[in-house]
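**Q** Just passing along the structure, written as structure tokens.
The values are calculated or read from the model by the stated rules, or taken from the named source; none is laboratory data. Here the structure is a predicted model, which means the values were calculated and not measured. Using ideal geometry, Cβ is built from the backbone for each residue, glycine included, and neighbour counts are taken over all protein chains shown. Heavy atoms of the whole protein, side chains included, go into the accessibility calculation; ligands, DNA and RNA do not. Shrake-Rupley method; radii C 1.70, N 1.55, O 1.52, S 1.80 Å.
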Amino acid sequence: MTAPKQTSPTDSGAPSLTVPKLLTGQKALVTGANSGIGKGVAIALGQAGADVVVNYVDGDEAANAVVDEIKQAGGRAYAHRADVSSEADVAAMFARMMQEFGTIDILVSNAGLQRDSAFHDMTLDKWNKVLGVNLTGQFLCAREAVREFLRRGVVASVSRAAGKIICMSSVHQEIPWGGHANYATSKGGIKLMMESMAQELAPNRIRVNAIAPGAIRTPINTAAWNTKAAYDQLMTLVPYGRIGEPEDIARAAVWLASDQSDYVVGTTLFVDGGMTLYPGFATGG
Ligand code: NAD
């Protein structure tokens, strides 16, 4: 039997589930956490028992609202403004985290943006902006986190690993994307940075993995879901028949950050409703 397709651009269809308390006492940093996926991840990590740094670059009010929601769930949290593509900003963000929380156990490198353009018109500025935030930003944050994981090592009462890094990638680490060459390049870069780090750092009990979301309902891609026509068109790419919600990614992040996934190293978890299954071939191609 075929499940009914989700046809409304506003009605979610995503199940609402309780987040298990898998991260009690752990210290987490989520970049780009005042909007969309990062916001959902930060709140879920807080609900799972972690203390959370809510990084953002613009939008104090939205960042403070995420902090409040985490505090309401019983966790500690504060907002920290920093541009992840700036080495000095990232160093200062980690220095403050060491002061406020003492250490870091979980980094979710999520901050990202698009600056779309036909390839022949793409300015160096657009290219550098996307690579700077989406790829170099992940490098800078991961480097700081790894330095602290190596310094501190495993604390068995907290986690079986010395630290966990989750890189927010995209289905576009696999699917080429015309008109978005800078974005797809940044996500392809994340795939091999993540895998190289995972290979190098696994002997130190540092687990590095990625999540590759498909189409998730956030401000980054509003035009792809905010009208019925756009939503119906999007659904031709999603075999599961509904758009993803930030909570779908958040639950995957909680699991990947927890000891439940302790033997998962260097993997990209696709959370995409089947978008990477070549849906155009479902009827024979
Ligand atoms: P969003 O626009 O809602 O959120 C992006 C976040 O990144 C915001 O909090 C923004 O402030 C932050 N940010 C941007 N530049 C920054 C900088 N220089 N320093 C610090 N923070 C910065 O978008 P989203 O959809 O939630 O995207 C989050 C991540 O998920 C991105 O890496 C994106 O590539 C990835 N992703 C999203 C989708 C989707 O369908 N929404 C699909 C695949 C991958």
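**Q** Restricting attention to the range 84-94, does a residue exist that is closer than 30 Å to Gly178 by Cβ, more than 9 Å from the ligand (Cβ to nearest atom) and surrounded by 15 or more Cβ atoms within 10 Å (Cβ to Cβ)?
**A** No: zero hits.
**Q** Taking the options Val108, Val130, Val158, name whichever one is within 28 Å of Ala44 (Cα to Cα), out of contact with any helix residue (DSSP H, G or I) (no Cβ under 6 Å at 6 or more places or on another chain) and hydrophobic (A, V, I, L, M, F, W, C).
**A** Residue meeting the stated conditions: Val158.
**Q** Of the residues Glu148, Glu200, Glu144, Glu195, only one is more than 15 Å from the chain's Cα centre (by Cα) and in contact (Cβ under 8 Å) with a residue 60 or more places away in the chain; which?
**A** Result of the check over Glu148, Glu200, Glu144, Glu195: Glu195.
**Q** Let me ask something additional. Could you list, ordered by first residue, the pairs with Cβ atoms under 9 Å in which the first is in the range 226-244 and at positive phi and the second is surrounded by 12 or more Cβ atoms within 10 Å (Cβ to Cβ) and part of a helix (DSSP H, G or I), at least 6 apart or interchain?
**A** Gly241/Met235
**Q** In the set Leu140, Leu113, which member is in a helix (DSSP H, G or I), within 16 Å of the ligand (Cβ to nearest atom) and closer than 22 Å to Ser35 by Cα?
**A** Step by step, each of Leu140, Leu113 is checked, and only Leu140 is in a helix (DSSP H, G or I), within 16 Å of the ligand (Cβ to nearest atom) and closer than 22 Å to Ser35 by Cα.
**Q** Restricting attention to the range 66-82, which residues are surrounded by fewer than 20 Cβ atoms within 10 Å (Cβ to Cβ) and away from the ligand (no atom under 12 Å from the Cβ)?
**A** Matches in the range 66-82: Asp68, Glu69, Lys71, Gln72, Ala73, Gly74, Arg76, Tyr78.
**Q** Right, another one. Test Ala91 against the criterion of being of a type in the set (A, V, I, L, M, F, W, C) and either modelled with pLDDT under 95 or within 21 Å of Val254 (Cα to Cα) (or both), and give yes or no.
**A** no
**Q** If you don't mind, there's one more thing I want to ask. Only one of these conditions is not met by Gly75: (1) assigned to a loop (DSSP other than H, G, I, E, B); (2) within 24 Å of Arg217 (Cα to Cα). Which number is it?
**A** (2)
**Q** Scan the range 199-207 and give yes if some residue there is more than 16 Å from the ligand (Cβ to nearest atom), among the polar types (S, T, N, Q), at pLDDT 95 or above and out of contact with any helix residue (DSSP H, G or I) (no Cβ under 9 Å at 6 or more places or on another chain), otherwise no.
**A** Looking through the range 199-207, at least one residue is more than 16 Å from the ligand (Cβ to nearest atom), among the polar types (S, T, N, Q), at pLDDT 95 or above and out of contact with any helix residue (DSSP H, G or I) (no Cβ under 9 Å at 6 or more places or on another chain).
**Q** Going through the range 217-231 one residue at a time, which ones are assigned to a helix (DSSP H, G or I) and open to solvent by 60 Å² or more (accessible area, probe 1.4 Å)?
**A** Pro219, Ile220, Ala223, Lys228, Ala229, listed by residue number.
**Q** Taking the range 239-264, which residues are in a loop (DSSP other than H, G, I, E, B), open to solvent by 60 Å² or more (accessible area, probe 1.4 Å) and under 21 Å from Val208 (Cα atoms)?
**A** Tyr263
**Q** Going through Gln26, Gln72 one at a time, which residue ends up being on the phi < 0 side of the Ramachandran plot, among the polar types (S, T, N, Q) and without any contact (Cβ under 8 Å) to a residue 12 or more places away in the chain?
**A** None of the others qualify; the one that does is Gln72.
**Q** Out of all the residues in the range 174-184, which are under 17 Å from the mean Cα position of the chain (by Cα) and open to solvent by 40 Å² or more (accessible area, probe 1.4 Å)?
**A** Correct list: Glu174 only.
**Q** If I filter the range 35-61 down to residues being more than 16 Å from the chain's Cα centre (by Cα) and within 8 Å of the ligand (Cβ to nearest atom), which single residue comes out as surrounded by the fewest Cβ atoms within 10 Å (Cβ to Cβ)?
**A** So the residue we want is Asp58.
**Q** I'd like the full set of residues that are surrounded by 21 or more Cβ atoms within 10 Å (Cβ to Cβ) and among the aliphatic types (A, V, I, L, M), limited to the range 265-285.
**A** Residue satisfying the conditions is Met275 alone.
**Q** Also, quick follow-up: Tell me whether the range 150-166 contains one or more residues that are open to solvent by 60 Å² or more (accessible area, probe 1.4 Å) and within 16 Å of the ligand (Cβ to nearest atom).
**A** No, there is no match, as no residue in the range 150-166 is open to solvent by 60 Å² or more (accessible area, probe 1.4 Å) and within 16 Å of the ligand (Cβ to nearest atom).
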